[in-house]
Amino acid sequence: MPAERKALRYGHSEGHTDVCFDDTGRYIVTCGSDGDVRIWEGLDDDDPKSINVGERAYSVALKNGKLVTAVSNNTVQLHTFPEGDPDGILTRFTTNANHVTFNGDGSRVAAGSSDFMVKIVEVSDSSQQKTLRGHQAPILSVAFDPKDEFLGSSSCDGSVAVWKIDDQVQVVSWNVLQKSSDVSNAKSLCRLAWQPGFGKLLAVPADKSVQLYERNSWNNVSRLSDDFIAQPVNVVAWSPCGKFLAAATIGGFIVVWDVDTKQCIERQKHEKGYTVCGLSWHPSGGQIVYTDTEGCLGLLDGVAASSPQHGSKNNEVAMGNYDDLFDEDDDGHLAEDLSENGLAANTVTGGGNEDDEDDDLMPSTGRPRNRGAFLDDDDDTSVDAGSVKYENDGRVGTPLPSVPCPAVSQPRYEGPMPTPPQKPFQPGSTPVHLMHRFLVWNSVGIVRGYNDEQDNAVDVEFHDTSVHHAMHLTNTLGHTMADMSQEAVLLACEGTDELASKIQCLHFSSWDTNKEWMVDLPKEENAKALCLGQGWAAVATSALLVRIFSIGGLQREIFSLPGPAVCMAGHGQQLLIAYHRGTGFDGEQALGVQLLQFGQKKRQVIHGEPLPLSQKSYLSWMGFSAEGTPCFVDSEGTVRMLNRSLGNTWTPVCSTRESCKGTSDHYWVVGVHENPQQLRCIPCKGSRFPPTLPRPAVAILPFKLPFCQTATEKGHMEEQYWRSLLFQNHLDFLSSSGYEIDEEARSKGQKEQQELLMKMFALSCKLERELRCMELAELMTHSVVTLAIRYATRSHRMALAQRLGELALEKATAQHEEDHEDDEEQSELPKSHQPNCQQTQKEELEDEDLGEQDDREGMDSREGTEGRKPCECLSSFGKEQHVSASNPSGLSAQPRATNVLDSMTPSSRKPLSLGISGGKQSKEPALKPLVPRPKSKTQVTLLQMNCPKIARKNLEPATEEPAQKDTISPASPPASTENLKPKTGFQLWLEENRKRILADKPDLDETDIIKEAMSLFRALSAEDRLSWTERAKGQSGGTADLKKRKRREENVEEKRNELQENSTKKTKTVDTSARLSAFAFNKT
């Protein structure tokens, strides 16, 4: 009986359409020229779900919950099914993609475009793509071999080609189509189809027939045609069992053949004669869904349903008159023909024998009937084992498969499956298969590659045009990798059968006239990753080697990697390498990382430790921050930074996924900055990488550590503190590497950290978390602990204040011992380590001059604060001490700020111990105790308790001596004072260079001018400083210099004796009652 043709449904607007079933057969998915994808729950669904994917949709494919569409904006898009949420862009073309299809397991998608190319894309990683080039006209259709070994494609150039997927080469090609200039002008869509199962046959629509080509031999083994086909065949589709082939023509004629017998078993004519452009079988067979060029959706039900016969003779007669079913429309004549052959007429009309009626129905399992399976002779035992059907009470069951011989069961592995290793890539580059792509985008500039019919070139563009002008290079070698720095541009290409892999460097900063060099790698060794550093270049090869070159082309070190390289990055004298440590499982990548430090002392900082990626993710970017800290980003958008202060561990500092609006949106990282804290990246809507044109805009994302409860005040301040601490680590690294660091930025960061600690301390006090207060105090500096003591005292938390006092005492003692050790190391320095004795003596004299001025200014400040309250004394005292340490000319302190924390100015230099007055300029003066009132025990200041008793005893005479000097010095005239104190080399240099400093930085006050001048003076060479010292000596005369030196030697000797005496005595513990009395609160 012929298949039942359902009434057409309007699905899309007029134009090209496509259709497919989902894996279960529950849903029908269509797309059309209106740009919509509709999901139907059967043909009777009056409200299908609609998804807009673009202006026009040309093709649709569905597998494993992934919906792929070819859209008019030159992209192949991915959506989730049945939700329909966007899931990214698999690939891009320069023109429209015409056809898409999945392979058997749904892991790959093939797409053909009007730019003559076919691309094969991995669904899990769209960057893994293969490009097939060879057609000379737009692609009409593509089809995967069921074994995933070959791919068939048809083109407007009239050819049908078969490709070897792994080798990306064309195996065979047939010119069986009529040529056309475009898909819209083609006489047929020529939708190819491989036979399910083993892919033995490839069906190719050729004019008014279907040609069948045999696998491997590629011979034309059969031709299927029908007399009723009057126009070219447009699309073909195999049944799931592989025994039937359906074809639809331009004029709307649908035919189904039994491939084994080459018999036409179904003929259906489109009710309106429209061209059928979409055709798909139900996963279980029995139904064919189709769409036409007018946007209508139709369905054939009961396709290939056969009636089993009880005798071979009847079978032969029935098959002999089978075509008569389609020749006559009158059921009466059909019944007469069948009755003459011994069959009841009511079998067709629907009445009569119940068993025969049941035989004409579809099986309950939904599997298709096999009309071509019938008995060969009268012997019941001579049957095809694959086509036997059994009957039970007149009910026809499903076909029985052929019974194989008993076999021994093989053990089956059910453990985790290995993950395909990630392929090597260049950080800041887009996939290689793109015709227009970024070879690299970093903080220096952009390198673009173009590979099309018009041009095959490389464009180099610099963010700062003062570094170098833009360059246009002809890419004759086919470079696919690049990196750039402030010195050079490095390019590389993989080798071919004729040419070796080449490394090309354009050293544009060279003073030599020959600014370019090239190196050929050994045969069968290809470049896989490369990077540039300061004065060197590195290349990782397929031989598991890393080759180091100088920037001028000199071959340097070479070493082996434990596994294949994934990517590399360079910065200054640092080289960061990521490679495969082994095979990952269950979607995980097993990557290792090495960090090498070049320069005078070459060493390996990270020795191949595992690279911590997010679950089931891969590495997407790796590099250095602008300040030189290693960072990397995985495919889940997590940014991690190396924490040098915590044993070279990796700390997550940002998650770009939190800033993405859609599930298919991503951020493409191009740079990381620590000061200011910025993550520079490009937003990509519906894709993982940006297009080259138009030029994408760079966005800035903030950093945020994944702390708990960051919405609360406590969690927010904790995250701020530790983030500030982490992003200050680069200053210590740069300082240890010999770079000049920004002291202002360091001081600002330290001040911010101490303020956050004090705020958290105040919050913990309010929450009555005294233990937490002590933990915070341990992170504070000595000066901030004194503020914490005062806050605890005012909050009536005497026990906390007592413990804080002990902590402050411990910090002061530890600080004193540390400074004492530094002084001993300097005094024990052998003469062989002193290159210039005169220079060293002169610098010590300058430090002594600054220290004497500190003593005098400190004396003045103490006299001025005797009448103030303790809070005011502490805040103003801290400010005056800071100014005196950096202001040798004796300038007055700045006015006291409203906030106590504003008066704290952290310094990178170590403060002096409490037991020494004055000292070198490189040490910050310690806090000195205020003079207590003699008649009141409750007015003992907190600072006195923080100082050791021995230190206070030694400080008392030290405070009296400067007072006596101050009473005598005003009696002498100012001129005599200047004569007694000769100018130092630094003061003489400052007088001559003050105008230049003010011209460069006019906003500096006097204190900052002196700071800047001291840093510049110390940056001078030893010979220059010595010359300034000699000039100062010539102006001052020898007598004053001798007196100064003698006085300095006496002071140094007194300080050494004092330090030795303090070190021999043990610090006495303060009695508990004395401590409590010290923190008594005066209620009046």
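Considered as a group, the residues in region 607-624 that are buried (at least 22 other Cβ atoms within 10 Å of the Cβ) and not hydrophobic (A, V, I, L, M, F, W, C) include one that is nearest to Gly584 (Cα to Cα), and that residue is Tyr618.
Report yes if Lys130 is in contact (Cβ under 8 Å) with a residue 40 or more places away in the chain, touching a His at 6+ places or on another chain (Cβ under 9 Å), open to solvent by less than 10 Å² (accessible area, probe 1.4 Å) and of a type in the set (Lys, Arg), otherwise no. No: the conditions fail for Lys130. Take region 154-181 and flag every residue that is open to solvent by less than 30 Å² (accessible area, probe 1.4 Å), part of a loop (DSSP other than H, G, I, E, B) and more than 21 Å from Ser209 (Cβ to Cβ). Listed by number, the list holds a single entry, Ile165. Kindly indicate whether Asp148 is in a loop (DSSP other than H, G, I, E, B), surrounded by fewer than 20 Cβ atoms within 10 Å (Cβ to Cβ) and either in contact (Cβ under 8 Å) with a residue 24 or more places away in the chain or among the basic types (Lys, Arg) (or both). In short, yes.
Any residue at all in region 726-735 that's of a type in the set (Gly, Ala, Ser) and either open to solvent by 50 Å² or more (accessible area, probe 1.4 Å) or outside any helix (DSSP H, G or I) (or both)? For region 726-735, residues of a type in the set (Gly, Ala, Ser) and either open to solvent by 50 Å² or more (accessible area, probe 1.4 Å) or outside any helix (DSSP H, G or I) (or both): present.
Cβ-Cβ below 7 Å, separation at least six or inter-chain, first residue in region 652-663 and open to solvent by 40 Å² or more (accessible area, probe 1.4 Å), second hydroxyl-bearing (Ser, Thr, Tyr): which pairs? What qualifies is Pro652/Thr638; Ser659/Tyr667. Considering only residues in region 590-606 that are touching an Asp or Glu at 6+ places or on another chain (Cβ under 9 Å) and not β-branched (Val, Ile, Thr), the one that is surrounded by the fewest Cβ atoms within 10 Å (Cβ to Cβ) turns out to be Lys602. Scanning region 508-549 for residues that are open to solvent by 30 Å² or more (accessible area, probe 1.4 Å), in a loop (DSSP other than H, G, I, E, B), under 23 Å from His571 (Cβ atoms) and in contact (Cβ under 8 Å) with a residue 24 or more places away in the chain yields Ser509, Gln534. For region 267-282, filtered to residues that are closer than 19 Å to Ala304 by Cα and assigned to a loop (DSSP other than H, G, I, E, B), the residue that is modelled with the highest pLDDT is His282. Residues in region 708-723 that are of a type in the set (A, V, I, L, M, F, W, C) and surrounded by 17 or more Cβ atoms within 10 Å (Cβ to Cβ): Met717 alone.
Can you name every residue in region 249-264 that is of a type in the set (A, V, I, L, M, F, W, C) and farther than 13 Å from Phe228 by Cβ?
Ile250, Val259
Which one of Ser141, Ser126, Ser113, Ser155 is of a type in the set (S, T, N, Q) and in contact with a Phe, Trp or Tyr (Cβ under 7 Å, 6 or more places away or on another chain)? Give the derivation first.
On the way: Ser141 fails: in contact with a Phe, Trp or Tyr (Cβ under 7 Å, 6 or more places away or on another chain); Ser126 fails: in contact with a Phe, Trp or Tyr (Cβ under 7 Å, 6 or more places away or on another chain); Ser155 fails: in contact with a Phe, Trp or Tyr (Cβ under 7 Å, 6 or more places away or on another chain).
After ruling out the rest, the residue left standing is Ser113.
Against the numbered list (1) in contact with a Pro (Cβ under 6 Å, 6 or more places away or on another chain); (2) farther than 27 Å from Lys423 by Cα; (3) not basic (Lys, Arg), Trp517 comes up short only at (1). For region 671-691, residues that are under 18 Å from Lys704 (Cα atoms) and in a strand (DSSP E or B) total 7.
Glu775 fulfils the conditions (1) touching a residue at least 12 places away in the same chain (Cβ under 8 Å); (2) under 40 Å from the mean Cα position of the chain (by Cα) except for a single criterion, (1). Scanning region 182-198 for residues that are surrounded by fewer than 16 Cβ atoms within 10 Å (Cβ to Cβ) and closer than 22 Å to Ala97 by Cα gives Asp182, Ser184, Asn185, Lys187.
Looking at region 233-266 only, could you name the residues that are closer than 19 Å to Gln178 by Cα and either open to solvent by less than 20 Å² (accessible area, probe 1.4 Å) or not in a loop (DSSP other than H, G, I, E, B) (or both)? Hits for region 233-266 are Val233, Asn234, Val235, Val236, Ala247, Ala248, Thr249, Gly251.
The values are calculated or read from the model by the stated rules, or taken from the named source; none is laboratory data. Model, not experiment: these values are computed from the prediction. Please note: Cβ atoms are built from the backbone with ideal geometry, for glycine as well, and neighbour counts cover all protein chains shown. For the accessible areas, the whole protein counts, side chains as well, though only heavy atoms, and no ligand, DNA or RNA atoms are used. Shrake-Rupley method; radii C 1.70, N 1.55, O 1.52, S 1.80 Å.
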